[in-house]
Amino acid sequence: MIETERAGRSFKVRGAVVHAVRDLSFRIEPGEFVGCLGPNGAGKSTTIKMLCGILTPTSGRVRVAGLDPSRARTALARRIGVVFGQRTTLWWDLPLRDSFELVRLLYKVDRKLFAARLDELTEALDLGGFTRTPVRQLSLGQRMRGDLAAALLHDPEVLVLDEPTIGLDVVSKAGIRSFLLRVNAERGTTVLLTTHDLGDVERLCRRVLLIDHGRLAFDGSVGDLMATAPGTATIEEVVTRLYTRGRAAPPPVEPV
Amino acid sequence: MPARRRPDHNPGLPLAGPRAGPGTACHRAITLRRCVSFSLYARLARYGFRKHATYVAAALAGAFTNSVFGVLRASILIALWQARPGLAGYDVTAAVTFCFVTQAFIGPMQLLGGGLTLPERIRTGDIALDLVRPAPLQLWLLAEDLGRAAYQLLVRGLPPMLAGAAVFGITTPRDPERWLGVLACVTAGVVVSFAWRYLVCLSVCWLADDRGVMVCSMLLTTLLSGMMVPLTLFPGALGELVRALPWAAMAQAPADVYLGTASAGSALAFQAAWGAALLALGALATRAVRHRVVIQGG
Ligand SMILES: Nc1ncnc2c1ncn2[C@@H]1O[C@H](COP(=O)(O)OP(=O)(O)OP(=O)(O)O)[C@@H](O)[C@H]1O
Ligand SMILES: [Mg+2]
């Protein structure tokens with residue numbers, strides 16, 4: 001479903017070349033639920049942008065649903081749902097459902113199918129209370145649920161999320177997590193998400209990709225990830241170990 | 001692992017395969033269908049209208065300013081035309097009418113610049129979301145801008161006209177045919193204005209700071225659109241040149257049709273030529289931006 005082959009992306013910043021992603025190769029099969037971890041600036045967002053065709057790889061090859069994202073961007077858009085946790089596709093000044101209506105027209109979803117799909121998403125994401133509220137009056141959690149619905153209304157085969165739980169409280173996070181699990185289990189939608197919340201990884205992902213300095217540093221199940229450290233380490237400790245390999249680890253903070 | 005469902009849930013969905021890739025007939029058909037999706041663009045225009053309707057106070061303040069400045073401008077023009085009757089082929093009433101008609105265009109045609117949030121979106125990186133949508137960005141924004149213009153024509157266009165009629169008296173076209181021509185020319189003027197502003201906005205991608213370009217565009221538009229003085233006032237070859245530039249398609253051309261000094265047909269032809277040229281340029285620029293744009297932010 002998603003395939004990268006020695007994919008790389010570099011940026012020119014004032015004459016210097018920054019390699020955001022280098023030699024990244026992985027394969028995600030249909031129906032997988034994959035979490036992408038990595039320290040700040042590791043290249044996660046850059047990878048996501050290459051997968052949805054916003055950025056063209058400067059080297060290597062990327063395939064999503066059998067398509068080259070940057071060349072078949074419009075064909076791909078119908079098959080992929082994208083959420084950037086820090087941005088919104090919703091119309092700021094208009095009620096949520098107006099943005100949904102636009103998605104229907106944009107992806108030419110049949111009216112009946114759309115109504116059914118919208119009902120389903122409204123129920124699953126508990127949108128009922130605020131579909132008529134202008135988006136600018138929504139809380140972050142409500143807006144995020146709205147964005148998720150908008151990304152899934154055309155029923156894509158792949159869902160790509162860049163930090164979908166950023167800034168959410170524990171209850172909202174739990175809501176989004178169980179929704180994502182449901183989408184993956186019931187519809188077989190392939191999910192790839194990036195996150196800094198290890199809870200997301202523990203509760204959602206059957207497989208973890210760890211990107212560091214633009215390279216794939218780990219690829220395996222959560223169990224494999226835990227096995228990289230001795231016995232009793234918590235997931236925080238395991239990931240800290242991986243992030244700080246070859247670097248001095250920050251001193252642990254004692255609980256007060 | 002869950003079984004893949006069949007992709008029959010969405011008939012609009014193209015299938016991956018040798019017959020669906022880019023460059024194939026199937027792909028071209030989908031692309032074509034995407035372009036002629038009239039209902040999408042009609043909806044966008046409606047949303048553009050409603051989006052701006054949520055900022056009533058701002059529109060009313062704009063209408064008030066446009067009316068007051070209209071009265072000031074008209075006073076100056078009256079003095080000028082009393083000193084030089086028949087100047088530029090206008091009599092005093094025509095000059096005053098021209099003044100208020102063009103004041104009414106300031107809002108819908110955004111003659112003072114702005115109206116598009118594109119530079120902001122490019123700077124913050126939100127443009128990334130616009131670029132993944134399977135619809136041409138320029139057409140998307142044009143539809144939205146037409147909706148905005150329709151709202152501003154009502155809220156910021158009518159008050160200056162009424163003020164002009166009340167304070168000085170202005171002429172209005174009698175026959176409905178001329179009104180229809182005026183409406184068509186105003187719409188075409190908005191398209192030309194959009195096409196120009198879109199190009200100005202995209203320049204942000206190449207220039208770190210867009211304020212200089214914005215100021216340049218504002219000066220050019222205020223001077224050369226007819227918003228300050230009728231372009232018929234410019235003498236000789238300069239006048240010929242100024243009246244052939246795209247800015248003349250924004251205020252001067254529809255105002256001429258309103259006054260009856262030009263036929264709707266020739267004005268529309270002039271506007272259509274510039275509209276097509278600028279939109280084509282904008283489409284090229286969009287492609288360049290797509291290749292070039294370095295999307296900011298995580
Ligand atoms: N548009 C750009 N121009 C220049 N450099 C960029 C650009 N976008 C990203 N980079 C660089 O590429 C690297 C990877 O950035 P990216 O946004 O992919 O990181 P990330 O893994 O998403 O980090 P975070 O967890 O903080 O969101 C960083 O070093 C960043 O400075
Ligand atoms: Mg990021």
Report, as an integer, the average count of C-beta atoms from other chains found within 10 Å of each Cβ along A:155-161. 2
Measure nothing but the geometry: give the 0 to 90° angle between the long axis through the Cα atoms of B:25-35 and the longest principal axis through the Cα atoms of chain B, rounded to 10°. 30
Anyone know which of A:Gly223, A:Gly60, A:Gly199 comes out most mobile in the 10 Å Cα GNM of chain A? A:Gly223
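What are the trypsin sites (Lys or Arg not before Pro) within segment A:127-163 that DSSP puts in a loop, where the Cβ has at most 13 other Cβ atoms within 10 Å? The partial results should precede the final answer.
Numbers: sites: A:Arg132, A:Arg136, A:Arg143, A:Arg145; in loops: A:Arg132.
Filter output for segment A:127-163: A:Arg132.
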From the Cα centre of segment A:174-210 to that of segment B:80-103, the distance in Å is 69
Enumerate the amide H contacts of A:Phe218 below 5 Å, restricted to partners 5 or more residues apart or on another chain; note that Pro and chain-start residues carry no placed amide H. A:Leu210
Rounded to whole Å, give me the distance from the Cα center of segment B:109-171 to that of segment A:1-66. 37
Total charge of the residues flanking B:Gly226 in space, meaning their Cβ is under 10 Å from its Cβ, with Lys and Arg +1 and Asp and Glu -1, is 0
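How well do other chains shield peptide A:58-71, expressed as the mean number of their Cβ atoms within 10 Å of each residue Cβ? Mind dumping the intermediate values first?
Numbers: counts 0, 0, 0, 0, 0, 1, 1, 2, 6, 5, 2, 1, 2, 3.
Going residue by residue through A:58-71 and averaging, the value is 2.
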Which longest uninterrupted range of chain B lacks any trypsin sites (Lys or Arg not before Pro) assigned by DSSP to a loop state (not H, G, I, E or B) and surrounded by at most 15 other Cβ atoms within 10 Å? B:20-173
Taking Cα atoms only, helix A:140-152 is inclined relative to the longest principal axis of chain A by an angle, in degrees rounded to 10, of 80
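For the protein assembly as shown: lysine pairs with Cα atoms under 26 Å, gap of 8 or more or different chains, count? Display every interim value, and only then the final one.
Working: A:Lys12/A:Lys44; A:Lys12/A:Lys49; A:Lys44/A:Lys173; A:Lys49/A:Lys108; A:Lys49/A:Lys173; A:Lys108/B:Lys51.
Lysine pairs meeting the criterion: 6.
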Overall dimensions of the protein assembly as shown as given by Cα atoms, namely Rg and Dmax in Å: 27.8, 97
Pairs of alpha-carbon atoms within less than 8 angstrom and 6+ residues apart define the contacts here; what relative contact order does segment B:40-292 have, in percent? 27
In peptide A:85-97, what is the residue-averaged number of other protein chain Cβ atoms found within 10 Å of each Cβ? 3
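Grab the DSSP H runs of chain B that are 4 residues or longer, score each as -39,500 (n - 2.57), total them, divide by all residues and round the 222 nm result to the nearest 500 deg cm²/dmol. Walk me through the numbers on the way to the answer.
Numbers: 13 runs with 199 residues, N = 298.
After summing the helix terms and dividing by residue count, I get -22000 deg cm²/dmol.
Can you order the peptides A:34-40, A:116-122 by their average number of other Cβ atoms within 10 Å per residue, highest first?
Highest-to-lowest ranking by the protection proxy: A:34-40, A:116-122.
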Put one equal scatterer on each alpha carbon of segment A:2-243, apply the Debye formula with no solvent term, and list log10 I(q)/I(0) at q = 0.09, 0.11, 0.13, 0.14 1/Å to two decimals. -0.39, -0.58, -0.81, -0.93
Radius ratio Rg over Rh of chain B, counting only Cα atoms, Kirkwood formula for Rh: 1.05
Measuring from centroid to centroid over Cα atoms, what is the spacing of segment A:225-243 and segment B:256-271 in Å? 75
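Using the Cα gyration tensor of segment B:99-189, with a ≥ b ≥ c the square roots of its eigenvalues, what is the shape: rounded (a/c below 1.5), prolate (a/b larger than b/c) or oblate (neither)? If you can, show how the numbers build up before the last one.
Values: a/c = 4.25, a/b = 2.17, b/c = 1.96.
It is prolate, given that a/c is not under 1.5 and a/b is the larger ratio.
Any read-out appearing in this document is the output of simple, stated calculations on the displayed coordinates, not a laboratory observation. Since the model is a prediction, treat every value here as computed from it, not as a measurement. Cβ sites come from the backbone with ideal geometry, for glycine too, and all protein chains shown count toward neighbours.
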